[in-house]
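Sharing a structure, written as structure tokens. Questions coming.
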Amino acid sequence: MNRIYAIPSVAQLWASRAAQRSAALVAGDGSIPFTRLHKPLSAARGILITTGGVHLKTQPPFDMENSDGDASYREIPDNVAPDEITITHKYYDHRDADADLNVIFPLAHFHDLVRQGVIGSLASRHFGFMGHIEGEQLAILMKYSAPEVAAKLRAEGVDFAFLTPA
Amino acid sequence: MSVSLARDLTEAVGTPRAVFVKWPLGHPLGEPHAPLQQRTVIFRALHLLVTASQPGVIEDLGFRWRRETYTEPDWSKLEGTKQEGTKQ
């Protein structure tokens with residue numbers, strides 16, 4: 001079933017319908033948070049966050065049995081080897097990401113950019129979520145998981161996050 | 001900043017900055033073993049990071065799926081780039 005979303009126009013139709021459900025979830029006055037990057041990119045510290053179900057093989061997999069998804073997250077060390085990583089997510093076709101992790105979690109490219117001096121540095125860890133979250137799990141995500149990770153980003157002193165969806 | 005594979009959804013949730021690619025779900029950076037394509041998406045996202053001057057910008061990269069040719073980005077173009085409206 002998830003292979004049908006490999007058709008871009010089908011994915012956009014799904015996005016349009018999901019957007020109608022999600023708009024009601026955005027709290028407050030609808031304003032969008034925004035902070036300018038106040039230093040050169042070559043001095044900035046970045047972090048990767050993905051909702052593609054990326055985690056270490058040694059960590060518990062995301063819960064695929066709960067129809068509301070899994071609001072927990074996994075910390076992925078910056079110095080991880082690619083073969084230590086796996087993907088648990090049944091709501092999209094991740095065969096290409098399995099074949100080349102850079103399709104969804106481009107850590108190798110960001111390491112290159114640090115070596116080139118394009119980016120100042122990377123955080124000591126990155127974050128993996130599983131991006132099919134609804135109902136009760138969505139409430140847990142908004143009340144607990146997201147604020148926890150936000151606090152960890154502050155502790156890491158990051159200047160920007162690079163987010164990749166599934 | 002975010003890569004978006006679902007423009008309407010990105011607009012609905014209010015992302016500070018995003019680059020949109022109309023590609024299959026599960027492929028925010030493109031195809032496997034296509035480093036030039038993947039690095040181009042990263043370059044365009046970082047370019048938006050340093051140039052966006054207002055929240056909610058979604059830049060449509062306009063790349064067709066499996067019908068483009070990519071080259072290594074000129075990363076030096078990110079050096080010293082400022083947000084629009086920012087004094088140099």
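At a 10 Å Cβ-Cβ cut-off, how would you order B:TYR70, A:TYR92, A:TYR144, fewest neighbours first?
The most exposed by this proxy come first: A:TYR144, B:TYR70, A:TYR92.
Using the Karplus curve 6.51 cos²θ - 1.76 cosθ + 1.60 with θ = phi - 60°, what ³J(HN,Hα) values do you get for each residue of segment B:46-62, in whole Hz, with x for Gly and Pro?
Result, rounded to whole Hz: 5, 4, 5, 4, 8, 10, 4, 10, 8, x, x, 5, 10, 8, 7, 6, x.
Considering chain B as a Gaussian network with a 10 Å cut-off on Cα pairs, which listed residue, B:GLU68, B:GLU59, B:GLU31, attains the greatest mean-square fluctuation?
Answer for the Gaussian network model of chain B: B:GLU68.
For chain B, with a Gaussian network of springs between Cα atoms less than 10 Å apart, report the residue from B:PRO16, B:PRO55, B:PRO73 with the top mean-square fluctuation.
Of B:PRO16, B:PRO55, B:PRO73, the Gaussian network model singles out B:PRO55 as fluctuating most.
Let me ask something else about it. Please report, for the Cα atoms of the protein assembly as shown, the Rg to one decimal and the Dmax as a whole number; what are they, in angstrom?
Cα only, the protein assembly as shown: 17.2, 53 Å (Rg, Dmax).
Treat segment A:36-164 as a sphere of radius equal to its Kirkwood radius over Cα pairs and apply Stokes-Einstein at 20 °C in a medium of 1.002 mPa s; give the translational diffusion coefficient in µm²/s, rounded to a whole number.
For these conditions, the coefficient is 140 µm²/s.
Take the cross-link list A:LYS39/B:LYS77; A:LYS57/A:LYS90; A:LYS57/B:LYS22; A:LYS90/B:LYS22; A:LYS90/A:LYS152 and give me the ones stretching past 25 Å between alpha-carbons.
Too far apart for the 25 Å limit: A:LYS57/B:LYS22; A:LYS90/A:LYS152.
Could you put B:SER53, A:SER42 in order, starting from the residue whose Cβ has the fewest other Cβ atoms within 10 Å?
Least to most surrounded, the residues fall as B:SER53, A:SER42.
Give me the log10 of I(q) over I(0) for segment B:2-78 at q = 0.12, 0.18, 0.21 Å⁻¹, as the Debye formula computes it from C-alpha points; what are the numbers?
The Debye formula, applied to the Cα set alone, gives -0.32, -0.71, -0.94.
Every read-out reported here was derived from the displayed coordinates using simple, explicitly stated rules and does not represent laboratory data. Values in this document were obtained by computation on a predicted structure and should not be read as measured data. Note that each Cβ is placed from the backbone with ideal geometry, even for glycine, and that neighbours are counted across all protein chains shown.
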